[in-house]
1. What angle, in degrees between 0 and 90 and rounded to the nearest 10, separates the Cα long axis of helix 136-147 from the longest principal axis of the Cα atoms of the chain?
2. So for region 1-157, taking the charge dipole from beta-carbon charges (+1 Lys/Arg, -1 Asp/Glu), which of Trp30, Gly91, Met155 sits furthest toward the positive end?
3. How far is helix 69-80 tilted off the main Cα axis of the chain, in degrees rounded to 10, range 0 to 90?
4. Counting only residues 5 or more places away or on other chains, whose amide H sits under 5 Å from the amide H of Cys175 once H atoms are built in the peptide plane?
5. Check the straight Cα-Cα distances from Lys89 and name the aspartates and glutamates below 16 Å, setting aside those fewer than 8 residues away within the same chain.
6. Just to verify a number: FRET efficiency for Asp111 and Thr203, C-beta to C-beta distance, R0 = 30 Å, to 0.05?
7. Nearest 500 deg cm²/dmol is fine: what mean residue ellipticity at 222 nm does the chain get from its DSSP H runs of n ≥ 4 alone, each adding -39,500 (n - 2.57), divided by its residue count?
8. Order by neighbour count: Phe70, Phe206, Phe197, Phe16, fewest other Cβ atoms within 10 Å first, most last.
Amino acid sequence: MTTPQDKGPRDNRWYFPLMAPNTKGEKFAWLDPTSIYINGAAFSDLLDDLCAELDSKSIDVVAGLDAMGFVLGAGIATRLGRGFLPIRKAGKLCVDTDSSSYKNYSGRQQDMEMRLPAFAAGTRVLLVDQWVETGGTMHGAVQLVEQQQGTVAGMVAIVMEENDQTNSYREKYHCVTAILPGTELQRQCNAQYLESFKTYDPTHAFPL
């Protein structure tokens, strides 16, 4: 079983092999990081690694993208001592909303919403999602923040796959990812396959 004592350097963090491969086909994301959240040590270390590269003084509020961005976003907000703002799929909020359209990782057109108003003009918003594949969902979140005259203070994810859209994010914003660009793990993620899938065992993530 992988433990915190097995941690390697920053491009080989011990908890990455806990992530599970997709077993349901092309309509679903190619892997599932939620087993990191199940394991308390893994989740704590993931948050430590992400928050180490964030400056709370430059962030007013943390926004998590529906749905799994809620998990990371709320955890990061708590660590930074900042409030948490959920950005939701359309039709979920019972208050007035702003909306934006985007294409998700599967190419489907969807709408997302944010409460109106969510913050004052000039508020610095950190955007958090579990995984950034094509960058479409993140683009919708950027639109919502800017529609309410906020400023994107940065982006956080376990990984950003590398493509024209996500490369533009790294050029424009402070982007923090657990899997670092330029590493072997980043190259595996770009190919949407992890070598750790060969030895994946779901019991390794079970809470002790």
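1. The angle comes out at about 30 degrees.
2. Gly91
3. 90
4. The answer is Met155.
5. Answer for Lys89, where 16 Å is the Cα cut-off: Asp66, Asp98, Asp111, Glu113, Asp129, listed by chain and number.
6. Details: r = 39 Å, r/R0 = 1.30.
In this case the efficiency is close to 0.15.
7. On the way: 6 runs with 57 residues, N = 208.
The per-residue figure over the chain is -8000 deg cm²/dmol.
8. Numbers: Phe70 19, Phe206 11, Phe197 15, Phe16 23.
By the 10 Å Cβ count, ascending: Phe206, Phe197, Phe70, Phe16.
Each value in this text was obtained by applying a stated rule to the coordinates, not by laboratory testing. The structure displayed is predicted, hence computed values, not measured ones. Note that we place each Cβ from the backbone using ideal geometry, even for glycine, and neighbour counts take in every protein chain shown.
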